[in-house]
Amino acid sequence: MKKIIASSVLSADFAHLAEAAQMVEKCGAEYLHIDVMDGHFVPNITLGPVVVQCLRPFCKSVFDVHLMIENPEKYIDAFADAGADIITIHLESTDDVKGAIDKIHAKGKKAGITVKPKTPVEAVFPYVDAVEMVLIMSVEPGFGGQSLIPECLDKIRVLREKYPNLDIEIDGGVKVDNIDKVYESGANIIVAGSAVFCSNNPAKVIESMLNRP
C-alpha cells in the first residue's frame, strides 16, 4: 500500500494557516488533514466550511476532512462544496451511517468512516465495502498532541488482515519514534500533526516517516 502523510492542521499556526498548509505540501505531505470539531461530539471547537473554502485556492493537497461532529450528514454538502476531497464521519455520530456515506458519494467525494478508541473495530465491518478509507483513532478525539494508545494498533492489524487492499488511516500520537510499529500494524495513511508542525525541520520529519523499510 502507498504510504501517505496527512499533515493535521490542528497543530498548525492558525494565524498563518495558508502558509502552513503550503509548507507541509512542499515538504511532501500529500494530504492535508482537517479536523472539524463542534464542541458536542468532542470537547473542542475548531473550524467550519468557510476555512476550508478559504484554504482551497492555496493548496493542491488532498483535503482530508475529518468530521468530529454530531449529525455530520447536515454538513456534508457544505464541506464538499468548500473543497473537501475525502470526508470521514464517525460511526458514533449519526443514526444513519449508510445515508451519510451515500450523501458524500453523491457529492462526488471519497468517503471514510472512523471510530473512537473504545469502539470495537468490528463495528466498521458492515460499511467497509461502501467507503474508500477507514480511519482508526489512536487517541481520544478532541485535542492534538496526545500520546498514541498502543492497543489501537491491534484494531489496524485486524482490519488489514481482513481487508488487505483497504486504505487505513491512523490519527493520533504518531511520531518518528513509533511509526515503525504503526506501519507494522498495517496503516498506510499517517496523520501527523504536532510531529510535523512543531518540528524545527518538518521536511526531515515527513521524509523520515515516508522512507521507512
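The values are calculated or read from the model by the stated rules, or taken from the named source; none is laboratory data. This one's a predicted model, so the numbers in the text were calculated from it and none came from an experiment. Glycine also receives a Cβ, built like all others from the backbone with ideal geometry; neighbour counts cover every protein chain displayed. Side chains included, ligands, DNA and RNA excluded: accessible areas come from the protein's heavy atoms. Shrake-Rupley method; radii C 1.70, N 1.55, O 1.52, S 1.80 Å.
Restricting attention to the range 176-202 and to residues that are open to solvent by 40 Å² or more (accessible area, probe 1.4 Å) and in a helix (DSSP H, G or I), the residue that is nearest to LEU159 (Cα to Cα) turns out to be GLU184.
Against the conditions (1) farther than 20 Å from ILE189 by Cα; (2) touching a Lys or Arg at 6+ places or on another chain (Cβ under 9 Å), ALA84 satisfies every one except (1). Within the range 63-79, the set of residues being in contact (Cβ under 8 Å) with a residue 40 or more places away in the chain, touching a Leu at 6+ places or on another chain (Cβ under 8 Å) and not in a helix (DSSP H, G or I) comprises ASP64, HIS66.
Hey, could you check the range 38-94 for residues that are of a type in the set (Gly, Ala, Ser) and touching a Phe, Trp or Tyr at 6+ places or on another chain (Cβ under 7 Å) and say which is surrounded by the most Cβ atoms within 10 Å (Cβ to Cβ)? This residue is ALA84. Among residues of the range 1-16 that are acidic (Asp, Glu), those with a Cβ under 9 angstrom from a residue that is surrounded by 11 or more Cβ atoms within 10 Å (Cβ to Cβ), sequence gap 6+ or separate chain, pair up as ASP13/GLU19; ASP13/ALA20; ASP13/PHE197. Taking the listed residues GLY145, GLY173, the one that is in a loop (DSSP other than H, G, I, E, B) and surrounded by 20 or more Cβ atoms within 10 Å (Cβ to Cβ) is GLY173, with no other qualifying.
Filtered by the rule that a residue be outside any helix (DSSP H, G or I) and closer than 19 Å to ASP167 by Cα, the range 97-116 gives GLY108, LYS109, LYS110, ALA111, GLY112, ILE113, THR114, VAL115, LYS116.
Taken together, ILE168, ILE179, ILE206 contain a single residue that is in contact with a strand residue (DSSP E or B) (Cβ under 9 Å, 6 or more places away or on another chain), under 22 Å from SER93 (Cα atoms) and not small (Gly, Ala, Ser), which is ILE168. Here LYS155, LYS98 are screened, and the one residue that is among the basic types (Lys, Arg), over 25 Å from GLU25 (Cα atoms) and surrounded by fewer than 14 Cβ atoms within 10 Å (Cβ to Cβ) is LYS98.
Against the definition (assigned to a loop (DSSP other than H, G, I, E, B) and either crowded, with 19+ Cβ neighbours inside 10 Å or of a type in the set (Gly, Ala, Ser) (or both)), how does ALA21 come out, yes or no? No, not satisfied.
Taking the criterion of being more than 15 Å from LEU91 (Cβ to Cβ), at pLDDT 95 or above and among the small types (Gly, Ala, Ser), the only residue of the range 124-154 that qualifies is SER138. Considering every residue within the range 156-163, establish whether at least one is in a helix (DSSP H, G or I) and either touching a residue at least 60 places away in the same chain (Cβ under 8 Å) or within 15 Å of the chain's Cα centre (by Cα) (or both). Among the residues of the range 156-163, at least one is in a helix (DSSP H, G or I) and either touching a residue at least 60 places away in the same chain (Cβ under 8 Å) or within 15 Å of the chain's Cα centre (by Cα) (or both), which makes the answer yes.
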